[in-house]
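Below is one structure; the comments refer to it alone.
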Amino acid sequence: MSIRQLLYIYSYFFVMLAIPDPAFAQTIRLRGTITDAVTGEALPFTTVSSLPTNVNAITQADINGKYQLQYPSKSESVQFYHIGYETLVVPMQSIKGEVYNVKLKPSSTQLEAVVVRARRQRYSNRNNPAVDLIRKAIANKDKNRLEANASYEYERYEKIMLSVANLSDSLQNNFLFKKFPFLVNYVDTLKENGTLSLPMFLRENISEHYYRKDISSSKEYLIASRMVNFHDMLERESLSVFLDGMVGRTNVYDSRITVLGNEFHSPMSPFSPNFYYFHIIDTVAVSGVSCINLNFYPRNDQDLGFRGNIFITNDSTYALKRVEMAFTKNININFVNNFSLIQEYSLIDGSWCMTFDEAFIDFGATKKKSIMLGNRVNIYGKYMLNHHIPERTFGGINKVEELPGYDMRAEEYWEEHRLIPLSIQEQGVYEMITEMKKDKWFNRALDILGIAVSGYIAVEKFDVGPMESFFSFNDVEGIRLRFGGKTNTMFSKNWFFEGYGAYGFKDEQFKYKLGAMYSFTPKRLHPWQFPMNLLQVSYESNIETPGQFFLFGSSDRFFLSFHRGSAQQMVYHKTSN
């Protein structure tokens, strides 16, 4: 995805921040800290929800046990749930004020199954049962990974949603709400932090995955995909690359975990005992499986690491059953306020297979202000292990093959093949964007935003621009006027032409460029759409400052005309490509 397209996405969500929600006046906020009633330790990732279920609002405590719930005024009670602890249900009438701290009691079965509680004083790796446990889990991970099988195949359902964050009461009289009053019907309460958000983008994928150890090959077939399309400027392939790059294909068994291009130490890395502190919390049952809850956090909270809990099976396999982890509070990643990851494994035909994977990213311009929220959920199913997979399944040069018609599946197909149903808010995203695109004002606003980011005005088969280069000035040319443009896919799906003419009133010289491109693959949106297989020729007569090269755009943009000092050392050049 280009920088311009990325800017378009962020600009779009920035504009949508102005969308209000009058429903806030009918909701109540509750916040507090959840701790262990015996030890006083924080209980991260505790689920907090309002009851009854038909008015349900849900959130999840953060890594420090702090929660914030925003629930409808007609809710009757609040429920606190954490694995290994007694579920607590508190009537609304007994809650006074906005702050309510909770102490959860360990369940009786949990108390009977307690093995050890590690001391936090004078921490040492030597003779440390927690470190011994994680080392055994690391030593056995190659046996417990799915790749330990001779072959496997499974189906994966993926859902990625982007939402406008932190909607507030102060926005309810905004112009955009008056323009689109139906938007309030799609406001959602985030389980991660309890704040209200508006889902604005959704992508769903269904894919089949194959692996054979003897030929060291893997293959993915994309059999169904659909996404919200709010503007033609962003094609499916480029947007998919952006979405996949947010988190990537994360597996805690890997030694490194990549988030937005940053590599983090996994708690299952061979070096993790030297990077993380580990503490045994207790023994709990996770989905009916006895596990040891192992808490971990970086020795230096400024390092690129996580903190959270790993649930390791309480047997000789030392397999991962579940992991819950998040960024440390002092970590510094540009434009990312928080990240959390939950993965769970199930025993299938004697192998531990990932069945659930959820990642949450909070994007913000500042640490206190969220702009966009990203949520990715993967559900895995239909596992088949150690059976014959024909070698032709792995043919072709692409790791991911798109089956014919993958992006044209009917609604009935999705209803039948989704491994989990969509929520009401998620179901409404497609309908909401379709409804908004019927409005001329909305389309005009997106077109203006597209012009501001791309720099071109579409005039049927020709795009005029870039607008920012129509007028500029410098020490050699004086005032410089330029006019140009390029053809688009309405002109041809294979042939693309571009050019411009410019004149400097001080040097009295005419400059120009002519270019042509032929794409062997028909394009739907623009010539640089993936995959690229093309031939391009061009000739340019222009002026430039030696040593100045602009990767995005040209040097004759209006705002680049303003600079310090003199820029008289410019040269004329004629270039053929």
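Observations
- Cα gyration tensor shape of the range 279-348, rounded if a/c is under 1.5, else prolate or oblate by comparing a/b with b/c: prolate
- Heavy atoms of W495: accessible area, 1.4 Å probe, square angstrom to 10: 120
- Taken per residue, the accessible surface of the range 260-360 reaches 35 Å², heavy atoms only and a 1.4 Å probe.
- Calculated P(r) tail over 21 Å for the range 402-506, as whole % of Cα pairs: 62
- Whole-Å distance, taken between Cα centres, linking the range 398-416 and the range 334-353: 25
The values are calculated or read from the model by the stated rules, or taken from the named source; none is laboratory data. Note that the coordinates shown come from a computational prediction; the quantities given were computed from them, not determined experimentally. With ligands, DNA and RNA removed, areas are computed over all heavy atoms of the protein, side chains included. Shrake-Rupley method; radii C 1.70, N 1.55, O 1.52, S 1.80 Å.
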